[in-house]
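All remarks here apply to the structure that follows.
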Amino acid sequence: KAPRDNAATAHYLNRIAAREKLKLAVRIFDYKACGLGVVHNKGMIIDGEITLVSSLNWGESALKYTREAGVLMKSRGVAGYYSRAFEYDWRCSGS
């Protein structure tokens, strides 16, 4: 059975992106290199205006069997804050 950990998933997605010539890259967040002790937040930023901040693990079991929480905000200011945080995390996580 193929591994299903974060590194295997990142490798899989990067292979698909290269094969399909997609403008997509995946990295494993190096929270220690970024000066953090723990990270649990998950989220997304859509079109620089809508931000999802959530505790939801984006797997099947989290969607079916646990009570997770998330907040969806429509605010360019909030999206800007989280975009800057993402860019920092991307840079300090290396290649």
Exercise for the section: Tally up the carbon and sulfur contribution to the accessible surface of the chain as a whole percent, 1.4 Å probe, everything protein left in place. Expected result: 56 percent
Exercise for the section: Would you rank V26, V71, V38 by solvent-accessible area, highest first, keeping every protein chain in place and using a 1.4 Å probe? Expected result: V38, V71, V26
Handout entry: Mean residue ellipticity (222 nm) of the chain, computed from DSSP H runs ≥ 4 via -39,500 (n - 2.57), nearest 500
Key = -12500 deg cm²/dmol
Handout entry: Accessible surface, 1.4 Å probe, highest first, among residues K1, K64, K42
Key = K1, K64, K42
Exercise for the section: Give the accessible area for M44 in Å² (nearest 10); use a 1.4 Å probe, count only protein heavy atoms, and leave out ligands, DNA and RNA. Expected result: 80 Å²
Fill in the blank from the handout: Hydrodynamic radius by Kirkwood for the chain, inverse mean 1/r across distinct Cα pairs, in Å, is 15.2 Å
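The values are calculated or read from the model by the stated rules, or taken from the named source; none is laboratory data. Note that the structure is a prediction, hence the values are computed from the model and not measured. All accessible areas refer to the heavy atoms of the entire protein, side chains included, with ligands and DNA or RNA removed. Shrake-Rupley method; radii C 1.70, N 1.55, O 1.52, S 1.80 Å.
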